[in-house]
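**Student:** Structure below; questions to follow.
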Amino acid sequence: MCRITGFIDFNHKADYELESTLVRMRDTMTHGGPDDAGVFIDKKNGIALGHRRLSIIDLSASGHQPMQFENLIITYNGEIYNFAEIKKELEESAIGETSQGGENYKFTSTSDTEVILKAFHKWGLDAVQKFRGMWAFVIWDTREEKLILCRDRVGVKPLYWYKKDGIFMFSSELRAFHQHPKFKKEISEKGLAFFLQYGYITSPYSIFRNTFKLEPGHFLIVSKNGDVKKEKYWEVEDSFVKGNEDKEDWSKKSDADVEKELEQVLSESFKLRMVADVPVGVFLSGGFDSTLVTALLQKDSSTPLKTFTIGFQDEEYNEAQHAKKVSDHLRTDHTELYCTPKEAFDVLPKLAEIYDEPFADSSAIPTYLVSQLARQKVKVSLSADGGDEQFYGYTRYPAVMEKAKDISSNKSSFFKTLNMLQPRKLLDEYGKTTLALTNNTHHWNKYSRWWVEKKGQEMYSWYDIYVKFFQEHDADSLGIRKALSHLFKFNYPAHFSGQEIMMLYDLKTYLPEDLLTKVDRATMSVALEGRDPFLDHKLIEYSSQLPLNFKYRDGKGKYILRKILYKYVPQHLMERPKQGFSVPIHKWFSNEFKDILVHYLNIGRILKEGIFNATEVKSLLDAYLNGEEQYFNKLYILLMFQMWKEKWM
């Protein structure tokens, strides 16, 4: 795991020094690569590649990057867990080819970096089809004079790129671009729109103009004349499609058949994530997915796994007690830390530095704290993101399906009333007066908007509205309605079920852009490698083909995962309401943190900056401070933007 950056100056007439510029860019990310640093400079072509290293596999100098083999130079961030298997294939293929004048692939290191280089030398772009892992790498091909960028299938590792005025740049984090004299910091209307809607920014966009995230499962190929071309090499939809095509075959399988197959796929994926030359631990929240990861790994280990968790004194949010019970049962080497409001408050100012793009998931706070805790004992830690999206684990999935049925059938009294009245007028007048009459106004208002704006349209649109924080009418009040017209869209087959659409939506948006971003930045900020055992592509391809009845049955998600877990952990330890990894932050902001909201969102400051409608921001803030908690998420998004802007603009 490392950090990478670099650029091409196509003008070949740089009025700045290439290497010193690259070093400044590279060293903004020392936190993620404290063990070593390197550069590659080709002045003739205006090429500069930089690398910061966090040594995990092959701790020797042999793993130094950028690394070169013949016409290929690579700078790479990530892990290819099956590199030993690919290395063996390359060595064996060389034995037969050498006598015929082919390449003799000999290895001088035990690093996966060298395996990637030589795999590309032999198979070209097709080499990635052999890789199991997480990665963002850039290869400069001196023979073809082209730059090849590649991001892993799911988007575990980040990769940004920028192109304007004859300059092409790339980096693991946006912060590096600020050190290049040709980088222009201009806020992207589309990026800001995404952030306000979801609390994160979905690829390919970023917060800056001319600056993009390479989508998961894609190459970006930059030619010597500056042309940029994308190529997709993997798509999660394909597995959903295959599952639909093979429904008859799946119907012949019993629960026992699927349970056996799935446990084998899970175990293989989980064990691959233990490959390292340094100590490895597990984030154990006590929730279902992290417990399954721990249980399957611990059952085959003769030594106790190191597990870590964060707790809170507020019982509504505290999972530490459950994690401790799981740890005691599985006999792990467990470390826990109870987080106070003071400790959380100390992290808050760091968020804009850690997440150098606006990011409003408040669970970034405990994620940073548990990463800091784990780094004291290990250099790699496994998390359990991806289980909910693959196995119908979110409680919002059945809730949305039920509400969609009510809306389409007009079962609810509210929607019967809507059918008899003018819906837009009703929302403007009746909707305002009923805000105080319901305990769940946030979702109540969303359901009403569904009827007005999307009745009769696809589940995609309904779910998209459900997961947003700022709707288009909210943005209009903030003065940026035009920007909110740029919605994320993807195509899916017409025969997909509503359940499949929601899981696919989250696999392509919420998972990579929120959850994986959160973990990557938090772990790398303390030089800890985060790994995601649920995100092996073979596991995702299997789970995406599974019929829904293996995921959701008897009113519960993760049906088949439960059957596997309960072989190793007593059911009574796990049967409780889903909590998620969250903090009582809305309570803290109404008490201990109140001043920070007032400081960043006061009307004078908002007026001076001129981005948002200050009157609307004041209205939201006043309502929240007067006890209307439903506005907190919107305020938190605005706060995170303001803190980011102060730090980076």
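**Student:** What number in nm² do you get for region 186-275 if you take the convex hull of its Cα atoms and divide its surface by four? Present the calculation step by step, with values, prior to reporting the outcome.
**Tutor:** Details: hull surface 42.3 nm².
Its average projected convex-hull area is 10.6 nm².
**Student:** Next question, about the same structure. Which of Lys130/Lys299; Lys88/Lys271; Lys242/Lys567; Lys468/Lys563; Lys122/Lys224; Lys342/Lys556 have a Cα-Cα distance over 27 Å?
**Tutor:** Working: Lys130/Lys299 29 Å; Lys88/Lys271 19 Å; Lys242/Lys567 30 Å; Lys468/Lys563 34 Å; Lys122/Lys224 22 Å; Lys342/Lys556 37 Å.
With Cα atoms farther than 27 Å apart: Lys130/Lys299; Lys242/Lys567; Lys468/Lys563; Lys342/Lys556.
**Student:** Which aspartates and glutamates, on any chain, are close to Lys230 with Cα under 19 Å apart, when same-chain ones fewer than 8 places away are left out?
**Tutor:** Straight-line reach from Lys230, under 19 Å: Asp126, Asp141, Glu144, Glu145, Asp152, Glu215, Asp238.
**Student:** Using per-residue counts of other Cβ atoms within 10 Å, averaged over each peptide, order 181-191, 286-296, 564-574 from highest down. Mind dumping the intermediate values first?
**Tutor:** Details: 181-191: 16.5, 286-296: 24.1, 564-574: 14.8.
Result, highest mean Cβ count within 10 Å first: 286-296, 181-191, 564-574.
**Student:** Now for a separate question. All other residues with a Cβ under 13 Å from the Cβ of Gln376 taken together, and with Lys, Arg as +1 and Asp, Glu as -1, what is their net charge?
**Tutor:** Details: positive: Lys306, Arg375, Lys377, Lys379; negative: Asp333, Glu336.
It works out to a net charge of +2.
**Student:** Could you work out [θ]222 nm for the chain from helices alone, using -39500 (n - 2.57) per DSSP H run of at least four and dividing by all its residues? Round to the nearest 500 deg cm²/dmol. Write down the numbers at each step before the final one.
**Tutor:** Values: 28 runs with 270 residues, N = 649.
Per the formula, -12000 deg cm²/dmol.
**Student:** Could you please report the charge total around Phe137, scoring K, R as +1 and D, E as -1 over all other residues with beta-carbon less than 10 angstrom from its beta-carbon?
**Tutor:** Details: positive: Arg151, Lys157; negative: Asp152.
My count for the surroundings of Phe137 gives +1.
**Student:** With a 10 Å radius around each residue's Cβ, average the other Cβ atoms per peptide and rank 164-171, 248-255, highest first.
**Tutor:** Working: 164-171: 20.1, 248-255: 10.6.
With the highest mean Cβ count within 10 Å placed first, the list reads 164-171, 248-255.
**Student:** What's the exposure ranking of Thr367, Thr21, going from fewest to most Cβ atoms within 10 Å? Walk me through the numbers on the way to the answer.
**Tutor:** On the way: Thr367 26, Thr21 19.
With the fewest neighbours first, Thr367, Thr21 line up as Thr21, Thr367.
**Student:** Let me ask another. Going by Cα centres, region 127-143 and region 378-396 are how many Å apart?
**Tutor:** 25
**Student:** Oh, and also: May I ask which of Lys403/Lys618; Lys324/Lys594; Lys350/Lys587 have a Cα-Cα span longer than 23 Å here?
**Tutor:** Lys403/Lys618; Lys324/Lys594
**Student:** Could you point to the residue in Gln129, Gln372, Asn210 farthest towards the positive end of the chain's charge dipole, with +1 and -1 charges on the Cβ of Lys/Arg and Asp/Glu respectively?
**Tutor:** Asn210
**Student:** Still on this structure, I have one more. Using a 10 Å cut-off around each Cβ, can you sort Ser93, Ser371, Ser301 from fewest to most neighbouring Cβ atoms? The partial results should precede the final answer.
**Tutor:** Values: Ser93 16, Ser371 25, Ser301 13.
Going from sparsest to densest Cβ surroundings: Ser301, Ser93, Ser371.
**Student:** Between 0 and 90 degrees, rounded to the nearest ten: what's the tilt of helix 364-375 against the longest Cα principal axis of the chain?
**Tutor:** On a 0 to 90 degree scale, this one is about 40.
**Student:** Report, to two decimal places, the Cα Rg of the chain normalised by 2.2 N^0.38 Å (N = number of residues). Provide the component values of the computation, followed by the final result.
**Tutor:** Values: Rg = 25.2 Å, N = 649, 2.2 N^0.38 = 25.8 Å.
My calculation over the Cα atoms of the chain gives 0.98.
**Student:** Distance from the Cα centre of region 326-375 to that of region 181-230, in angstrom?
**Tutor:** 28
**Student:** How do 636-647, 217-228, 148-159, 268-279 rank on mean C-beta neighbours within 10 Å, highest first? It would help to have the intermediate numbers written out before the result.
**Tutor:** Values: 636-647: 20.3, 217-228: 15.8, 148-159: 25.5, 268-279: 17.8.
Going by the mean number of other Cβ atoms within 10 Å, highest first, we get 148-159, 636-647, 268-279, 217-228.
**Student:** A further question on this structure: Kindly write out, for region 104-110 in residue order, the coupling ³J(HN,Hα) from the Karplus curve 6.51 cos²θ - 1.76 cosθ + 1.60 (θ = phi - 60°), rounded to whole Hz, with x marking Gly and Pro.
**Tutor:** 9, 8, 9, 10, 9, 9, 10
Each value in this text was obtained by applying a stated rule to the coordinates, not by laboratory testing. Everything quoted here is computed from the prediction, not taken from an experiment. Counting neighbours? That spans all protein chains shown, and the Cβs are built from the backbone with ideal geometry, glycine included.
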